[in-house]
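A quick write-up on the structure given underneath.
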Amino acid sequence: MALKDKALSVREKAYAPYSNFKVGAALTAENGETFVGCNVENVAYPEGTCAEAGAIAAMIAAGQTRLTEVYVVADAPKPVSPCGGCRQKLIEFGEGDVVVTMATVDGVEQRMTLSDLMPGAFTEAHLENT
């Protein structure tokens, strides 16, 4: 199953009772395995956790630490980019040339690299003097 199909499928499982804004994400790890995540809201934190963070957590739980491709989908008029926190998480586990495909459920897609999504990203290189 393609990343697109996995992201669309897991999106349906999102728990979004407050916003009804469901997001699905699928990523490929360096070893070729795919991992999925969906957003989860709760009453204390109605913004919830992000789909990308869920997919990354699943990847880490499986013992993988590098991602090579990401697909994110939501029901919006135009593709929705990962939030700032998820962008930082994505750059932590992927190289700048990793392609992130952002899509709508209607099939509109936009592709950007992590470097394009996160110019000037804070990385481990900033910690060299510590």
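Read-outs: derived from the displayed coordinates by stated rules, not from any lab. Just so it is clear, the model here is predicted, and its values are computed rather than measured. FYI the Cβ positions are ideal-geometry reconstructions off the backbone, even for glycines, and counts take in every protein chain you see.
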Quiz item: When the convex hull of the C-alpha atoms of the chain is computed, what volume per residue in Å³ does it have?
Solution: 117
Quiz item: Hey, what D do you get for the stretch 16-93 in µm²/s if you plug the Kirkwood alpha-carbon radius into Stokes-Einstein at 25 °C and 0.890 mPa s?
Solution: 193
Self-check item: Percent antiparallel among DSSP beta bridges (both partners in the chain, rounded to 5)
Solution: 70
Quiz item: Relative contact order for the chain using alpha-carbon pairs under 8 Å, separation at least 6, rounded to a whole percent?
Solution: 20
Quiz item: What are the semi-axes of the equivalent ellipsoid of the stretch 1-44, taken as the square roots of 5 times the eigenvalues of the Cα gyration tensor, listed largest first and rounded to whole Å?
Solution: 24, 11, 5
Quiz item: Hey, with R₀ at 22 Å, roughly what FRET efficiency would GLU124 and THR68 work out to, going by the Cβ-Cβ distance, to 0.05?
Solution: 0.75
Quiz item: In debye, nearest 20: dipole of the chain around its Cα centre with unit charges on the Cβ of K, R (+) and D, E (-)?
Solution: 320
